[in-house]
Amino acid sequence: MSQLCQITGKTNVFGKQISHSNKKSSRIFKPNLFRKRIFIMNNNKFIHLLISKKGLKILYKKGLYKNISHYEHRVTLHQEI
C-alpha cells in the first residue's frame, strides 16, 4: 500500500535526523494517513479513501463532491460489493 493521500497528494518526505552530538542520518517523514469509509448519497454506496488528517479536515469543511471534482485525478472510487 503506497503512502499517498488521495485528497491532498501528500507522500513520504525524506530528511535528516540530527542527534545531540550533531550526527546526521537519513529518515523518512510519513504522512498521517487513515483509511476512511465514506458514504456517497447519490449512489447509496460506500467508498474507501486513504486520506491524511489534513485531507479529512478538508472533507469535513468543504464536502466530498467539491473535493472529488478538484482532485479527481487522485481519487479512485471503489464500489463495495
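Numbers below:
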{"read-out": "Given charges at beta-carbon only (K, R positive; D, E negative), |dipole| of region 1-59 in Debye", "value": "180"}
{"read-out": "Subset of 23/53; 30/54; 36/62 violating a 22 Å alpha-carbon distance limit", "value": "23/53"}
{"read-out": "Residue 4 paired with residue 48, simple spin-label distance in nm, labels 7 Å along Cα-to-beta-carbon", "value": "1.7"}
{"read-out": "Residue-by-residue Karplus 3J(HN,Hα) for region 47-55, coefficients 6.51, -1.76, 1.60, Hz, glycine and proline x", "value": "10, 10, 10, 9, 10, 7, 4, 5, x"}
{"read-out": "Heavy atoms of residue 21 accessible to a 1.4 Å probe, total area in Å² rounded to 10", "value": "80"}
{"read-out": "R0 of 30 Å, Cβ-Cβ distance residue 18-residue 57: FRET efficiency to nearest 0.05", "value": "0.50"}
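The values are calculated or read from the model by the stated rules, or taken from the named source; none is laboratory data. Since we're looking at a predicted model, the values are computed, not measured. Glycine also receives a Cβ, built like all others from the backbone with ideal geometry; neighbour counts cover every protein chain displayed. Remember, those area values only see protein heavy atoms, side chains included, never the ligands or the DNA or RNA. Shrake-Rupley method; radii C 1.70, N 1.55, O 1.52, S 1.80 Å.
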